[in-house]
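The values are calculated or read from the model by the stated rules, or taken from the named source; none is laboratory data. On a predicted model such as this, the values are computed, not experimentally measured, just so you know. Glycine also receives a Cβ, built like all others from the backbone with ideal geometry; neighbour counts cover every protein chain displayed. With ligands, DNA and RNA removed, areas are computed over all heavy atoms of the protein, side chains included. Shrake-Rupley method; radii C 1.70, N 1.55, O 1.52, S 1.80 Å.
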Amino acid sequence: MDHSVGDATTPPETVSPEAFDRLLVSLRPKLHRYCARLVGAVIDAEDVVQEALMKAIEAYPEATAITNIEAWLFRIVHNTALDFLRQRGRQQRLSGDEDMAMIADPIDEVYQRQAAAAGLRTFMRLPVAQRSSIILMDVLGYSLEEISGITGSSIPAVKAALHRGRERLRAAMEEPDDRPPPTLSLDERARLSAYVERFNARDFDAIRNMLAADVQLELVNKTRMRGRTEVGRYFNNYASMPDWHLQLGFVDGRPAIIAGDPNDSVRRPTYFILLYWAAGHIDIIRDFRHARYVIEAAEVLVLE
């Protein structure tokens with residue numbers, strides 16, 4: 001699959017600021033797909049992508065040594081994710097640069113199906129070099145040359161990572177998942193249930209009473225608001241929309257409020273909301289309504 005990514009380190013095409021902004025919007029879901037599998041969690045991945053895009057926006061006016069903007073953005077996200085993993089203390093030893101030049105490891109439908117079926121936690125059992133190479137080729141369809149440009153690894157090293165990583169991923173997928181299901185404390189369940197019940201009843205005045213005076217709202221991938229008065233407009237917008245019903249649940253093991261379309265008979269989760277509390281009041285709201293790509297790779301558990 002030719003993405004025309006090219007070398008991420010040689011001089012750039014000319015892209016206007018407006019075209020650059022449009023590219024950021026169009027590539028963001030794809031960057032998140034890569035990052036979620038690299039760091040092992042969709043929420044952390046969105047934070048990493050946000051940080052990486054801020055770096056890109058700041059650097060772009062001065063960027064003078066980039067052949068292709070897409071490769072450049074992937075390289076920034078890749079490096080930001082590695083920094084995140086180092087800080088979290090979960091960076092695993094990178095593979096060596098052994099000569100695997102004779103191993104073809106082409107894009108193959110079997111490998112693509114295997115990677116598509118693997119959960120985020122399964123990917124995290126692979127060393128960083130292996131999982132980044134597998135994600136870029138078997139999930140996103142990049143070539144060996146493109147992966148080399150994005151990750152800064154030699155082509156033999158990418159081939160080695162693919163060869164070993166595919167075998168390791170297959171073995172990891174066959175291992176049983178013996179993790180206990182996530183649980184909520186009584187206080188957490190009571191607080192979140194009260195929010196969900198009042199939201200579904202469209203009793204937004206009651207919800208406003210739950211907010212801290214300096215509450216912060218992040219409509220991920222859209223805007224930010226602060227303070228009860230400004231955040232109040234957020235609830236006014238929800239009051240006019242018919243396409244949501246909220247349920248209590250978990251996203252990647254974290255307590256969350258899961259949204260689905262009440263007109264969908266299957267009730268597929270479409271996005272989620274995170275709440276953070278301080279002194280018994282809601283201090284931060286993170287709503288992923290405008291970043292629905294985030295839930296695509298998540299482990300979602302809806303509580304009855």
- Provide the gained length on full extension for the span Ala116 to Val266, in nm with one decimal, where the gain is 0.36 nm per separating residue minus the Cα-Cα distance. 51.8 nm
- State which helices in the chain qualify, where a helix is a whole DSSP H run, it must extend 27 Å or more along its own axis by its Cα atoms, and its mean Kyte-Doolittle hydropathy must be at least 0.0. 69-88
- Calculate the spin-label point distance for Ala201 paired with Met173, positioning each point 7 Å from the Cα along the beta-carbon direction, and give it in nanometres. 4.7
- Item | Difference of contour (0.36 nm per residue) and Cα-Cα distance, Ser193 to Asn237 | 13.7 nm
- Modelled label-to-label distance, Ile155 and Asn79, 7 Å Cα→beta-carbon offset: nm? 2.4
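If you roll a 1.4 Å probe over the stretch 219-304 with all protein chains in place, what percent of the accessible area is carbon or sulfur?
Of the solvent-accessible surface of the stretch 219-304, carbon and sulfur hold 48 percent.
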- Task: Would you calculate the separation in nanometres between label points at Glu304 and Leu24, each defined as 7 Å from the Cα along the Cα-to-beta-carbon direction?
- Result: 4.5
- To the nearest Å², the heavy-atom accessible area per residue of the chain with 1.4 Å probe amounts to 49
- Taking amide H positions as placed in the peptide plane 1.01 Å from N, state which residues far from Ala256 in sequence (5 or more) or on other chains have amide H under 5 Å from it. Gly249, Phe250, Val251
- Report the paramagnetic label zone for Val15: residues of the stretch 125-169 whose backbone N is under 15 Å from a point 7 Å from Cα along the Cα-to-Cβ axis. 150
